Amino acid sequence: MKKIGNLSTREEELLNILWAYNEPLTQNEMVDRLVSQGWNNVTLFKTVQSLAKAGYLKVVGLEKSVKTYARKFIPSLTKEEFYSELLIKKGMTSDSLPDITAALIGANKKENTEQKREVIAKLEEIIESLRKEIQE
């Protein structure tokens, strides 16, 4: 796998798009969905091949396409895993987590009350999980 953070802008953009779709796609399905966003066949195919070769995309199936089979791809890591590795590479540690969380929550002050409740619930789950881990 390439080192996190050494991706081109297009590679990172494609990963973000695939995370948003959250389903296995063939290269042709990607082209169909991304042409309207300025992607062309050649750029997309080269980017997919580069990400697959580097280990960022994995094949999770095949789909018959006329006389041949097309590979279906998904990212090999989650968006959260990717960006946490990027933060670690930039020098952040788990000691930075409270400040990073506060900054993320503060950066999106337009969140509604329900979204804030969901964030609080998720943070409470994480805290409880960490407490149990420490006690074991």
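The values are calculated or read from the model by the stated rules, or taken from the named source; none is laboratory data. Everything numeric in this text was worked out from a predicted model, so none of it was measured. Every residue, glycine among them, receives a Cβ derived from its backbone with ideal geometry; neighbour counts consider all protein chains shown. Areas reflect the complete protein model, heavy atoms only, side chains present, ligands, DNA and RNA absent. Shrake-Rupley method; radii C 1.70, N 1.55, O 1.52, S 1.80 Å.
Mind checking whether some residue in region 9-17 is among the acidic types (D, E) and assigned to a loop (DSSP other than H, G, I, E, B)? Scanning region 9-17, I find no residue that is among the acidic types (D, E) and assigned to a loop (DSSP other than H, G, I, E, B), so the answer is no. In region 15-26, the residues that are without any contact (Cβ under 8 Å) to a residue 40 or more places away in the chain never reach a residue that is open to solvent by 10 Å² or more (accessible area, probe 1.4 Å) and among the small types (G, A, S) with C-beta atoms less than 8 angstrom apart, at least six apart or across chains.
Regarding E63, is this residue in a helix (DSSP H, G or I) and open to solvent by 20 Å² or more (accessible area, probe 1.4 Å)?
no
When the criteria are applied in full, L123 meets the requirement of being at pLDDT 85 or above and either open to solvent by 60 Å² or more (accessible area, probe 1.4 Å) or part of a helix (DSSP H, G or I) (or both).
Per the conditions (1) on the phi > 0 side of the Ramachandran plot; (2) touching a helix residue (DSSP H, G or I) at 6+ places or on another chain (Cβ under 7 Å), the sole criterion not satisfied by N22 is (2). Step by step: first the residues of region 1-23, then only those that are hydrophobic (A, V, I, L, M, F, W, C) and at pLDDT below 90, then the one that is farthest from the chain's Cα centre (by Cα). Which residue is that? In this case the residue turns out to be M1. Filtering region 32-60 to residues that are in a helix (DSSP H, G or I) and more than 24 Å from N6 (Cα to Cα) leaves D32, R33, V35, S36. Inclusion of S96 among residues that are more than 13 Å from the chain's Cα centre (by Cα), open to solvent by less than 60 Å² (accessible area, probe 1.4 Å) and either modelled with pLDDT of 90 or more or farther than 30 Å from L123 by Cβ (or both) is not warranted.
For region 28-58, what are the residues that are in contact with a Phe, Trp or Tyr (Cβ under 6 Å, 6 or more places away or on another chain) and either open to solvent by 50 Å² or more (accessible area, probe 1.4 Å) or of a type in the set (S, T, N, Q) (or both)?
Here is the first cut: in region 28-58, the residues in contact with a Phe, Trp or Tyr (Cβ under 6 Å, 6 or more places away or on another chain) are 57.
Of everything in region 28-58, nothing turns out to be in contact with a Phe, Trp or Tyr (Cβ under 6 Å, 6 or more places away or on another chain) and either open to solvent by 50 Å² or more (accessible area, probe 1.4 Å) or of a type in the set (S, T, N, Q) (or both).
I need the full set of residues from region 66-93 which are among the small types (G, A, S), surrounded by 14 or more Cβ atoms within 10 Å (Cβ to Cβ) and without any contact (Cβ under 8 Å) to a residue 24 or more places away in the chain, in order please. It would help to see each step written out before you state the result.
Looking only at region 66-93, we keep the residues that are among the small types (G, A, S), and these are 70, 76, 84, 91.
Keeping just the survivors that are surrounded by 14 or more Cβ atoms within 10 Å (Cβ to Cβ) gives 70, 76, 84.
Selection gives S84 alone.
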